[in-house]
Amino acid sequence: MKPTGIVRDPVYLMHDMGVYHPESPERLAAIYRMIDEERSSLNLMEIAPRDAEHEELAGVHDPRYVDQIAGTAGREETFLDPDTTACAHSWSAAVRAVGGLFSLVDAVIEGRIRNGFALVRPPGHHAERRRAMGFCIFNNVALAANYARVKHGLERVAIVDWDLHHGNGTQNTFYEDPTVLFISTHQYPHYPGSGGVREAGYGVGQGYTVNIPLPAGCGDSEYLAAFHAAVAPILEAFGPQLILVSAGFDAHRSDPLGGMNLTEDGYEQMLQILMHMAAELCSDRLVLTLEGGYHLGALVDSAQRVLSGLGSYDPGIAAVPFPPPRDNLPSTFRSRLKDVLAMQSRFWPGLEEL
Ligand SMILES: [Zn+2]
């Protein structure tokens, strides 16, 4: 079987926002150590990351913003947002984080790898067209979706964002665009405040933004129920040629920034559902990129389960795997999911009631 591609690079560890910042280099260093230890049991191929070019970054970001970030190179500290700073190496890390994802998209589409996981920093899904936000500098996943369209001519790309937080930057990039489907599960209300049920795209983009705002306390059963009721059937109806995942691990029950209850099992099962959809819809083309996740042990364990899952999906499975038990789901969650299905069934007929 073709290997899973991974991207890693020492420059991703050089972006540093200070000793007390939760988005620390140690997050990736711990994942890299795990990979070195587990190497023999994982079917991995390292894909060399390149640097994204200015023109490519300008596909999603304002060119003046790209220049502004380039100007931070070599400066000790530049404040970009209340939560986000650049150090002397942040520009180098940020352009290679984006380029690493480009390299994985190339390798998946050219058939050198079955799927991939970009183990990069800084994360990206909060980054907006003209500004850094929420630990993010460039919107890695949005740039990758745009790259797949421009470079490889894809007409339909799906982005699934299972990070704890809403991917506001990704949503805004494609809000009026029917060629990129954005589906997000997130704790709500919570940072950054966006991601309500009614935010569903605009103009020709209507229906191509799918927000699944979840009440605090949701765990594996609730996430799997949302994946079965909304994520999988909408992906199927859209028919993507590539599925990208904003893979944050901050909805883990141990995470200090979130109020969710996912376990490693839940992440592995959500991944298996997406692998199933990728097998059915787009010849296994599935590329993940790391977003949040701030409890080191939970982050490493979840990433390990996802990396081993990427190499182990059984293509013989006929139905979407891991149907959750439906009777014991809490009423706050059920009513929220009901609202999502009511809203989205305007655009995606055939969505079933929970
Ligand atoms: Zn997050």
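The values are calculated or read from the model by the stated rules, or taken from the named source; none is laboratory data. Just so we're clear, the structure is a prediction, and the values are computed from it rather than from any experiment. Positions of Cβ are generated from backbone atoms using ideal geometry, with glycine treated the same way; all protein chains shown enter the neighbour counts.
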Practice prompt. Tell me, yes or no, whether the stretch 188-209 has at least one residue that is under 30 Å from V300 (Cβ atoms), among the β-branched types (V, I, T) and surrounded by 19 or more Cβ atoms within 10 Å (Cβ to Cβ).
Written response: no
Worksheet item: Is it true that L181 is within 16 Å of the ligand (Cβ to nearest atom), of a type in the set (A, V, I, L, M, F, W, C), modelled with pLDDT of 95 or more and not in a helix (DSSP H, G or I)?
Response: no
Fill in: Some residue of the stretch 34-47 being over 22 Å from the mean Cα position of the chain (by Cα) and in a loop (DSSP other than H, G, I, E, B)
no
Practice prompt. Mind listing just one residue for me: the one in the stretch 139-154 that is of a type outside the set (V, I, T) and within 16 Å of the ligand (Cβ to nearest atom) and, of those, farthest from L257 (Cα to Cα)?
Written response: A142
Discussion item. I'm trying to understand the selection: among the residues of the stretch 223-240, which are touching a helix residue (DSSP H, G or I) at 6+ places or on another chain (Cβ under 8 Å), away from the ligand (no atom under 16 Å from the Cβ) and not aliphatic (A, V, I, L, M)?
Written reply: F227, H228, E236, G239, P240
Discussion item. I'd like the full set of residues that are among the acidic types (D, E) and farther than 16 Å from A118 by Cβ, limited to the stretch 288-321.
Written reply: D301, D314
Item to complete: Among residues belonging to the stretch 72-93 that are in a strand (DSSP E or B) and in contact (Cβ under 8 Å) with a residue 24 or more places away in the chain, point out the one that is surrounded by the most Cβ atoms within 10 Å (Cβ to Cβ).
Response: A86
Discussion item. So if I check each of R336, R285, R305, which one is among the basic types (K, R) and under 21 Å from P192 (Cβ atoms)?
Written reply: R336
Worksheet item: Which members of the stretch 303-344 meet the condition of being buried (at least 19 other Cβ atoms within 10 Å of the Cβ) and in contact with a Pro (Cβ under 7 Å, 6 or more places away or on another chain)?
Response: F333, R336
Fill in: Lone qualifier among P178, P122 - being over 19 Å from L242 (Cα atoms), in contact with a Phe, Trp or Tyr (Cβ under 8 Å, 6 or more places away or on another chain) and in contact (Cβ under 8 Å) with a residue 12 or more places away in the chain
P122
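Each row is one residue, and each column tells you yes or no for (1) closer than 19 Å to E55 by Cα; (2) more than 16 Å from the ligand (Cβ to nearest atom).
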residue	(1), (2)
F117	no, yes
M133	no, no
R156	no, yes
F174	yes, yes
